[in-house]
1. Do you know which residues across region 69-89 are surrounded by fewer than 16 Cβ atoms within 10 Å (Cβ to Cβ) and assigned to a helix (DSSP H, G or I)?
2. Take R126 and decide whether it is charged (D, E, K, R) and either in a loop (DSSP other than H, G, I, E, B) or touching a strand residue (DSSP E or B) at 6+ places or on another chain (Cβ under 6 Å) (or both).
3. Can you tell me which residue among W111, W127 is at pLDDT 95 or above and farther than 20 Å from R23 by Cα?
4. Taking interchain pairs and intrachain pairs at least six residues apart, which have beta carbon atoms under 8 angstrom, with the first residue in region 52-67 and basic (K, R) and the second assigned to a helix (DSSP H, G or I)?
5. Exactly one of (1) without any contact (Cβ under 8 Å) to a residue 24 or more places away in the chain; (2) at negative phi is unmet by P21. Its number?
6. Determine, yes or no, whether A28 is at pLDDT 95 or above, assigned to a helix (DSSP H, G or I) and in contact with a Phe, Trp or Tyr (Cβ under 8 Å, 6 or more places away or on another chain).
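The values are calculated or read from the model by the stated rules, or taken from the named source; none is laboratory data. Every value quoted in this text rests on a predicted model; they were computed, and no experiment measured them. Cβ atoms come from the backbone with ideal geometry, glycine included; neighbour counts cover every protein chain shown. When the accessible area is computed, the model is the full protein with side chains, heavy atoms only, and any ligands, DNA or RNA have been set aside. Shrake-Rupley method; radii C 1.70, N 1.55, O 1.52, S 1.80 Å.
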Amino acid sequence: MPLCCRAVIDYRATMFVSTRPRRIAAAAFWLALIFAVTMALLPHPPELAADKFGDKFHHVLAFSVLSALAATAFPRTPPWRMIEHLSFLGAMIEVAQAIPALHRDCDIRDWVADTIAVVVVTAIARWLRRSRRK
């Protein structure tokens, strides 16, 4: 069998095996995204056990989870695009928190924390994916 045909068969086999985990990760990503945006835009979000760590911890945790799920669910998306989109989401959340009716604080440091978390987790996911291939 020619090498190109074997590559196509191997590629399709890989796609079949990894489709279910990707779908689960995609569903988890969208649910986490809805949860994160909802919590960010509630005027008075509920107290969480992690509140003692501060607001930046919430941002880093939320965007780390979103990045990990996105890297798993959408492996063909270029890392820079994933970083761009998730960072933009963080920026838009901060813009929305500037709405006076929400009684929330718009803080550029929150967006910076979001972006740093996205970059670090996306880089780790890319490194793990490359090390698995070898």
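1. Result: W80, R81, E84, H85, F88.
2. No; evaluated as a whole, the condition is false for this residue.
3. Result of the check over W111, W127: W111.
4. Listed pairs, sorted by first residue: K56/R109; K56/D110; K56/A113.
5. (1)
6. no
Every residue, every condition in (1) at pLDDT below 90; (2) more than 21 Å from T122 (Cβ to Cβ); (3) open to solvent by less than 50 Å² (accessible area, probe 1.4 Å), yes or no:
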{"position": "R23", "(1), (2), (3)": "no, no, no"}
{"position": "T38", "(1), (2), (3)": "no, yes, no"}
{"position": "H44", "(1), (2), (3)": "yes, yes, no"}
{"position": "A50", "(1), (2), (3)": "yes, yes, yes"}
{"position": "L61", "(1), (2), (3)": "no, no, no"}
{"position": "S67", "(1), (2), (3)": "no, no, yes"}
{"position": "A96", "(1), (2), (3)": "no, yes, yes"}
{"position": "I99", "(1), (2), (3)": "no, yes, no"}
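Every residue, every condition in (1) touching a Leu at 6+ places or on another chain (Cβ under 9 Å); (2) farther than 16 Å from I34 by Cα, yes or no:
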site	(1), (2)
P78	no, yes
H85	no, no
L89	yes, no
I93	yes, no
A117	yes, yes
